[in-house]
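The values are calculated or read from the model by the stated rules, or taken from the named source; none is laboratory data. Values in this document were obtained by computation on a predicted structure and should not be read as measured data. Every residue, glycine among them, receives a Cβ derived from its backbone with ideal geometry; neighbour counts consider all protein chains shown. Surface areas here come from the heavy atoms of the whole protein model, side chains and all, with no ligands, DNA or RNA. Shrake-Rupley method; radii C 1.70, N 1.55, O 1.52, S 1.80 Å.
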Amino acid sequence: MDEDVKRMEEGINLALDDNAKDDLLKKQEKTNNINGDSNIKQQIAEEDDEKPALVKQKTKRVATLDAFRGLTIVLMILVDDAGGVYPRIDHSPWNGCTLADFVMPFFLFIVGVAIALALKRIPKIKYAVRKIILRTLKLLFWGILLQGGYSHAPDELVYGIDMKFIRWCGILQRIALVYCVVALIETFTTKLRPTTLSPGSISIFTAYKWQWLGGFVAFLIYMITTFSLYVPDWSFVVTGDEPKRYTVFCGMRGHLGPACNAVGYVDRQVWGVNHLYSQPVWRRLKACTFSSPGEGKIRDDAPSWCLAPYEPEGLLSSIAAILSGTIGIHYGHVLIHFKGHAERLKQWVSMGFVLLILAIVLHFTDAIPINKQLYSISYVFFTAGAAGIVFSVFYILIDVWGIRTPFLFLEWIGMNAMLVFVMAAQGIFAAFVNGWYYEDPSKSL
């Protein structure tokens, strides 16, 4: 999403300037043994001056990275604009997975891949940490500004937000958290990375055990909290002409339904109920509306939680999302260490199918349903597996077979992801168009 992240390149080239110097030294020793070290050093310097391309040679760009990021942005715009008309592609009201539910984990997956390539060489750890923190703060700032409620684009030509009801969480905030954690682990373990992998089918996993340990810690925090935290009764107020308070009765642990899950409880305790998303997708459940799976009037006999706020990008679910970034960075490590296309694809495709199978088993045995709102572990596995398969297909088409022209538009979007996200996905461009009207704001372009 930043300039350093966009310009990801394939990390398999060697430092040609060092090789050139070594070759020159060997030639000098063979052809002119009587000259001293000073003459050799002088000739090395002259050779460096004559051939600057050896130092500045560019590495090959991985076009698949930009195309995949562009695809994710296009999916986001599609489901945001068409989801209301075609509810089947909009976010699943609760359990299940639709087209819209792939967007967030696809973002996190490609962020992980990009981190591995961007931080494959870290000359100064302090400088890298400073850049990571700065980029995290930038993402948090734009996330709160765009999704906190300040902009009413594109439908209303007004702006401003009551700080009592500002939304602290959102898409960019979740990306910021995942990026920060995964990138910092990658940075602080830079001296522990291997230059070459040892023999064995799991060597790529053991070589980056600290990254996997970070993902496992996130997994433990999420699972232990989700299934052991006691969720008491809670209440909320619906504002309007006559504000009314509703109470949701819980008093249970390990519940994975809309009303009494630990994910929502943590957000209510940390952020406060007024700072959560006020239009959760669970309102499209059959229990809430006769228009399900589309949006519609809330039923008279609907449970009180149908009117309650809920944060789909909350704190506990974002901790689980760290695992999506961890899986993505693994794919980036494979790209760096395995030179051949077949070796890379073998690693990527096999892991993708394993994750898909695990998710399907967990979902259909009712152990842990696939659920985007909870960011359940089965949802992590299912979407990460799908991301790995799609990424592999793009890699075959673009980087192996060289079929690049049909994907140039996606590449451009991927290289300008933040601009397109702000202008299109967040309605800024649409608000600009709506701002031109004749006599009445309803008669706009």
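Examine the range 390-408 for a residue that is surrounded by 17 or more Cβ atoms within 10 Å (Cβ to Cβ), of a type in the set (A, V, I, L, M) and touching a Leu at 6+ places or on another chain (Cβ under 9 Å), and state whether such a residue exists.
Yes: the range 390-408 contains one or more residues that are surrounded by 17 or more Cβ atoms within 10 Å (Cβ to Cβ), of a type in the set (A, V, I, L, M) and touching a Leu at 6+ places or on another chain (Cβ under 9 Å).
If you check 158, 182, which single one turns out to be out of contact with any Lys or Arg (no Cβ under 9 Å at 6 or more places or on another chain) and either surrounded by 12 or more Cβ atoms within 10 Å (Cβ to Cβ) or aromatic (Phe, Trp, Tyr) (or both)?
Answer to the check: 182.
Can you pull out the residues in the range 228-260 that are among the charged types (D, E, K, R) and not in a loop (DSSP other than H, G, I, E, B)?
244, 245, 253 - these are the residues of the range 228-260 that are among the charged types (D, E, K, R) and not in a loop (DSSP other than H, G, I, E, B).
Working carefully through the options 246, 265, find the one that is modelled with pLDDT of 95 or more, outside the structural domain of residue 150 (by the TED database) and more than 22 Å from residue 161 (Cβ to Cβ).
The match here is 265.
Does residue 77 fit the bill of being open to solvent by 20 Å² or more (accessible area, probe 1.4 Å), hydrophobic (A, V, I, L, M, F, W, C) and either modelled with pLDDT of 70 or more or more than 25 Å from residue 171 (Cα to Cα) (or both)?
In short, yes.
Can you tell me how many residues in the range 80-99 are in contact (Cβ under 8 Å) with a residue 60 or more places away in the chain, in a helix (DSSP H, G or I) and open to solvent by 40 Å² or more (accessible area, probe 1.4 Å)?
Total satisfying the criteria: 2.
So, in the range 294-340, of the ones that are of a type in the set (Asp, Glu) and free of Cβ contacts under 8 Å to residues at least 60 places away in the same chain, which residue ends up least open to solvent (accessible area, probe 1.4 Å)?
Here the answer is 301.
Name every residue in the range 245-259 that is open to solvent by 10 Å² or more (accessible area, probe 1.4 Å) and in contact with an Asp or Glu (Cβ under 9 Å, 6 or more places away or on another chain), in order of residue number.
Scanning the range 245-259 gives 247, 249, 250, 251.
Across the range 45-68, what is the number of residues that are open to solvent by 10 Å² or more (accessible area, probe 1.4 Å) and modelled with pLDDT of 50 or more?
The total comes to 3.
Out of (1) surrounded by 14 or more Cβ atoms within 10 Å (Cβ to Cβ); (2) in contact with a helix residue (DSSP H, G or I) (Cβ under 8 Å, 6 or more places away or on another chain); (3) modelled with pLDDT of 95 or more, what's the single condition that is false for residue 227?
Residue 227 satisfies all of (1) surrounded by 14 or more Cβ atoms within 10 Å (Cβ to Cβ); (2) in contact with a helix residue (DSSP H, G or I) (Cβ under 8 Å, 6 or more places away or on another chain); (3) modelled with pLDDT of 95 or more except (1).
Any residue that is of a type in the set (A, V, I, L, M, F, W, C) and open to solvent by less than 40 Å² (accessible area, probe 1.4 Å) - is there at least one of those in the range 235-244?
Scanning the range 235-244, I find at least one residue that is of a type in the set (A, V, I, L, M, F, W, C) and open to solvent by less than 40 Å² (accessible area, probe 1.4 Å), so the answer is yes.
Yes or no: residue 213 surrounded by fewer than 18 Cβ atoms within 10 Å (Cβ to Cβ) and over 29 Å from residue 128 (Cβ atoms)?
Judged against the criteria, residue 213 is not a match.
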